[in-house]
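The structure appears below as structure tokens.
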Amino acid sequence: MCNKKIIWVVVLVMASLSSWASANIKGNGSVVTREIKVSDYSSIRLGGNVSSSLGESIKKLFSGEKNSGSTPVFIYSQTDAPAALKVTLDENLIEYLEIKVENRQLIVQTKKNIQVNPTRFELRGHSPSLQEVKVGGSYDFRIEGRLDSDKLLLSVSGSGSVRASENIKTSVFSAKVSGSGNLYLKNISTNQLETKISGSGNANLGGIANVGDFAVSGSGNINAFECRVGDLSCAVSGSGDMKVLASNKLKASVSGSGDIQYKGAPDVDFHTSGSGSIRKAN
């Protein structure tokens, strides 16, 4: 009886391992483009952790070989036309995607416990407005053209990135990176600008803001010599670095071995603890 139980357990374990192995699916190289019908959306969520109806936290990832061109990319543009989405992906992987709009949020992920390894994975979407983007995993999210919104909230978790070279005009702009992700935002126009980095991520910012709040915890960096802020508060804890430009007021603190360099001629209020420094850039 005992031997039968052991055999049954072994069979279950082998079946489980076989099931897991079959969940990592490689693209067949036959890349196709499909139009996906979607309702209007003003928020986008890509990959990352997803809570199921049972409250589980399930990590859904897209992975690819280095230098294979398989990094997942979402290219977004703002237009007056109704919301639309196109997906370019290996034909055999289409069925493993879950794409839906819930409460005006466009969600792109894989089915439960599925990992796909694409030859190429690109999404192109547009909508009349965009107010929030959540990037998980290794997605590269790109804003193509100008963007005008009352607010824009960006969050990157994992090794993903958000890029925009054209003007982003908004009253409130918030960008947060956790992990090793990156922000490349060259032309921001906003009243309130918030940028927070936790981990080893980086933010490269350009543009103008009336009020700003920058924070780095860990070994991350904020490079914002090209982003002029009127009244700026910034804080570094850990070994991270900041390069900022303030025109009116600068309140800055460093805890640890980090460094803040600043340009402009603001009124200053500085606090340091540890071996870090706050200094005017040459």
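The values are calculated or read from the model by the stated rules, or taken from the named source; none is laboratory data. Only a predicted model underlies this, so the values are computations on that prediction, with no experimental measurement involved. Here the Cβ positions follow ideal geometry from the backbone for every residue, glycine too, while neighbour counts run over all protein chains shown.
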With criteria (1) outside the structural domain of Gly240 (by TED's automatic domain parsing); (2) assigned to a loop (DSSP other than H, G, I, E, B), Glu166 comes up short on (1)
Flagged in segment 169-185 as touching a residue at least 24 places away in the same chain (Cβ under 8 Å), under 10 Å from the mean Cα position of the chain (by Cα) and either farther than 14 Å from Ala203 by Cα or assigned to a strand (DSSP E or B) (or both), in numbering order, are Ala175, Val177, Asn182, Leu183
Checked pairs for segment 191-206, first buried (at least 18 other Cβ atoms within 10 Å of the Cβ), second at pLDDT below 95, C-beta under 6 Å and 6 or more apart or across chains, list as Gly199/Gly179
Exactly one of Phe74, Phe62 is surrounded by 14 or more Cβ atoms within 10 Å (Cβ to Cβ) and modelled with pLDDT under 85, and that one is Phe62
Per the filter on segment 234-243, residues surrounded by fewer than 24 Cβ atoms within 10 Å (Cβ to Cβ) and touching a Ser or Thr at 6+ places or on another chain (Cβ under 7 Å) are Ala235, Ser237, Gly238, Ser239
Counted residues in segment 223-282 being within 26 Å of the chain's Cα centre (by Cα) and of a type in the set (Val, Ile, Thr) come to 5
Exactly one of Val108, Val101 is hydrophobic (A, V, I, L, M, F, W, C), within 15 Å of Val73 (Cβ to Cβ) and either in a loop (DSSP other than H, G, I, E, B) or not assigned by TED's automatic domain parsing to the domain that holds Glu194 (or both), and that one is Val108
Return yes or no: is Glu122 within 19 Å of Ile44 (Cβ to Cβ), touching a Phe, Trp or Tyr at 6+ places or on another chain (Cβ under 9 Å) and not basic (Lys, Arg)? yes
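Table: residues versus (1) farther than 20 Å from Lys176 by Cβ; (2) buried (at least 19 other Cβ atoms within 10 Å of the Cβ).
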position	(1), (2)
Asp213	no, no
Asn223	no, no
Leu232	no, yes
Leu245	yes, yes
Leu250	yes, yes
Ile260	no, yes
So, first residue within 16 Å of Leu193 (Cα to Cα) and at pLDDT 95 or above in segment 144-166, second residue of a type in the set (Ser, Thr, Tyr) and outside any strand (DSSP E or B), Cβ within less than 7 Å, six or more apart or across chains; the pairs are Ser149/Ser129
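A quick yes/no check of all residues on (1) small (Gly, Ala, Ser); (2) over 20 Å from Asn24 (Cα atoms):
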| site | (1), (2) |
| --- | --- |
| Thr71 | no, no |
| Ser77 | yes, yes |
| Ala81 | yes, yes |
| Val101 | no, yes |
| Leu106 | no, yes |
| Gln109 | no, no |
In segment 101-121, is there at least one residue being over 24 Å from Ser174 (Cα atoms) and modelled with pLDDT of 95 or more? no
Flagged in segment 111-148 as among the polar types (S, T, N, Q), surrounded by 19 or more Cβ atoms within 10 Å (Cβ to Cβ) and part of a strand (DSSP E or B), in numbering order, are Ser127
